[in-house]
Amino acid sequence: MTTLAFLTLALTACTQTPSEPAAQPEPLETTTVTMTVEPEASPEKLSPATVEERTLDVDGTQRGYILSLPEGAHQRHKLPLIMVFHGYKEDAAALRKNSGMDRADAIVAYLKGVDKAWAPAPYAKTTGAEDLAFVDAVREQLAGEFSVDRARVFASGMSNGGGFAAFVGCQRPQDFTAVATVSGAFYQHVSEGCSTIPMKHIDFHGTADTVIEYAGGERHATVYDSTEEMVSEAAERNRCAAEPEVTQLTSRILEQRWLDCDAGMEHYRIEGGPHVWPGGELDKSGTVPSGFATRRQLEFFGVGER
């Protein structure tokens, strides 16, 4: 090719119209969606902790009790129930104040005995069947009104009320989970006809108790068992090992805990302890820390504090 022809071709190539750029895609249309989110429903307000007096008719007799409710008792489920029994010539209000059982995160009912006494003590105006009917009525009334955990229903009592708590455990093992006896009066009728079904039991008694002596004795022309006889009988019922494990918690508190039981058994021997609820408001002996018996009971029951 001649030089002139080459230059002509090159010039022609340079002057050609460039190709059109590739077409750009149309922008996508966007749609704005507005979503309305409903606010979460506020939780139901819990009912406050309250204390109230109650009465109910039991086979034609008006019986009464004090009811102490934890916060949220009307909304919460599976609450434990503790039924508390005062001593002879004491009343429910006094024991409520002295024991401090209101600290339990549970429904707590302080029942009132007729003429401030409980069967089967010799001075009681009621029979064992009548007082048991009262216990049954209160338990069922509360179970019908609140969500009560039937597997956590407990009986606790002081002196004559302690003997009655043991009697309840003997006669109603299908309805109660454990009993606590404090300076208990164990008149011989308490264990008559006692069920052989094991019953968890925790006991407290002072060696200087001059009302219901630790070594047993007689009052109102009726013999009452020694503390050692009572706890040994309870340990046998619970099918425990023969001898307890003994721990000196303090210079004044000896703990006896039975092992290998079908139901737990514990006893606290308070050296120099008088006829009181150990560590309660009326206990001025200084033998145990404040609140001792109540805290130990709640631990044994597996019940927390408010």
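Derivation of every value follows stated rules applied to the coordinates shown; laboratory data play no part. For clarity, every value in this text was computed on a predicted model and none was experimentally measured. Backbone-built Cβ (ideal geometry, glycine too); neighbour counts: all protein chains shown.
Overview of values
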| quantity | calculated |
| --- | --- |
| Packing rank of 115-127, 147-159, where each peptide gets the mean count of other beta carbons within 10 Å, highest leading | 147-159, 115-127 |
| Taking the convex hull of Cα positions in segment 79-235, its mean projected area over all directions (nm²) | 8.5 nm² |
| Dipole magnitude of segment 161-276, debye to nearest 20 (Cβ charges: Lys/Arg +1, Asp/Glu -1, about Cα centre) | 300 debye |
| Cα-based reach from K125 at 14 Å (exclusive), listing aspartates and glutamates while leaving out same-chain residues under 8 positions away | D115 |
| Kirkwood-based Rg to Rh ratio, the chain, C-alpha trace | 1.64 |
| Point-to-point label distance, S285-R239, nm (Cα→Cβ direction, 7 Å offset) | 3.5 nm |
| Segment 50-301 - percent relative contact order, Cα under 8 Å, separation 6 or more | 15 percent |
| 3J(HN,Hα) from dihedral phi, segment 207-212, Karplus parametrisation 6.51/-1.76/1.60, rounded to Hz, x for glycine, proline | 6, 9, 6, 9, 8, 10 |
| Calculated FRET value between Y123 and A215, using beta carbons and R₀ = 22 Å, to 0.05 | 0.55 |
| Those lysines that a straight Cα-Cα span of less than 19 Å connects to K284, excepting residues fewer than 8 apart in one chain | K97 |
| Whole-Å semi-axes of segment 190-306's equivalent ellipsoid (Cα gyration tensor) | 22, 20, 14 |
| Kyte-Doolittle mean at least -0.5 and Cα axial length at least 20 Å: DSSP H helices in the chain | 128-145 |
| Stretchable slack from K78 to R54, in nm (0.36 nm times residue separation minus alpha-carbon distance) | 6.4 nm |
| Estimated FRET transfer efficiency (L249, E229; beta-carbon r; R0 35 Å; 0.05) | 0.90 |
| Compactness of segment 126-186 - radius of gyration and Dmax, Cα, Å | 11.5, 33 |
| Cβ-derived FRET efficiency at R0 41 Å, T61 paired with T196, nearest 0.05 | 0.85 |
